[in-house]
Amino acid sequence: MYSFEQLKIFVSVCEYGSFSAAARKLKRAQSGVSQSVSNLEIALNQQLFDRSGNTPVLTPEGKALLPIARSILLQQLHFDQKVAALEARYEHEVVLAVEESLIGPDLLGKLGELAERFPMTNIDIMAASTCDIKQMVSEGKTHIGVVYADGSMLDDIDFVTLGYNHFITVSSPCHPLAELPSVKDTDLRNYRQLVQRSASGKEPWFSYAISTQVWYASSHQMLLVLAEQSVGWTIVPEQLAATSIEAGTLKALNIEYEPNGWMNTIDLVTTRRQQSGPVREAIIEVLRAAFGH
């Protein structure tokens, strides 16, 4: 009979390309990794790798069984996470990470109302980049996250759509782009772009750098200030730029290929590592109300 450990080693060899690489990653002896795969082949009565060359190559049988092995290991991960969540009966602390451009007085005011309902629970609210929040939730560092959807899915988090946010391209009224009746892609590439970049060096999928001249900032608010100073053009949430546009310190550019801007989905992401308790559910209800359609 095969074991989860043998399946894990089999998948690791496939992912890292060799027995030695898998052994280093798993911090095992290479001989132990090789023997584990051999034992799995005996248990399955199937040859998984062709070992005639310098590196092991999956046989047709190995290719057929690999996706099933991955699925079994994923189900085991979900099972272990649920067990761990059931053991955490009480919510001593709930950590919420919100995409920085989505934090405002209204949201904080609604969250503040939870203080009287749950006086014994510590609630940690942090502002961060979307690109970092999903990883924080996946690793269990954050229980709840509010992010812009990027189409990726991680095995150890759940997500649901909360609503949408509208993004526009802006510059200072004094910027050369502001004088154009219609701005082409080539026009944007000719001038310095201001781009949000997370602490881990990642850029949002909808506003990544396309210009040869780029300045980076960790928040959309900093991008707005730099744009007002005519340092460059940038893509920001319309609601965040509305006051500056009304005051005349920023101008919304008429982008030829996207004249109405970009509509980006706002997702709620939650960890499977902890059981969902009353505080966490209350926070989720606040977020649903704040960002609801």
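The values are calculated or read from the model by the stated rules, or taken from the named source; none is laboratory data. Note that the structure is a prediction, hence the values are computed from the model and not measured. Because the Cβ atoms are built from the backbone with ideal geometry, glycine has one as well, and the counts that use them run over all protein chains shown.
Summary of computed values
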| item | result |
| --- | --- |
| Answer residue from region 115-129, given it is over 17 Å from Thr142 (Cβ atoms) and of a type in the set (A, V, I, L, M, F, W, C) and is surrounded by the most Cβ atoms within 10 Å (Cβ to Cβ) among those | Phe118 |
| So Ala247, is it of a type in the set (Gly, Ala, Ser), without any contact (Cβ under 8 Å) to a residue 60 or more places away in the chain and loosely packed, with under 13 Cβ neighbours inside 10 Å | yes |
| Test result for Asp156, surrounded by 15 or more Cβ atoms within 10 Å (Cβ to Cβ) and charged (D, E, K, R) | yes |
| Single condition Tyr257 does not satisfy, out of (1) aromatic (Phe, Trp, Tyr); (2) surrounded by 15 or more Cβ atoms within 10 Å (Cβ to Cβ); (3) in contact with an Asp or Glu (Cβ under 8 Å, 6 or more places away or on another chain) | (2) |
| Per-region count, region 136-187, residues touching a residue at least 24 places away in the same chain (Cβ under 8 Å) and outside any strand (DSSP E or B) | 23 |
| Top-ranked residue of region 219-231 - restricted to ones that are in contact (Cβ under 8 Å) with a residue 60 or more places away in the chain and surrounded by fewer than 22 Cβ atoms within 10 Å (Cβ to Cβ), ranked as farthest from the chain's Cα centre (by Cα) | Gln221 |
| Residue in region 173-191 that is within 24 Å of the chain's Cα centre (by Cα), more than 18 Å from Asp132 (Cβ to Cβ) and assigned by TED's automatic domain parsing to the domain that holds Ser129 present | no |
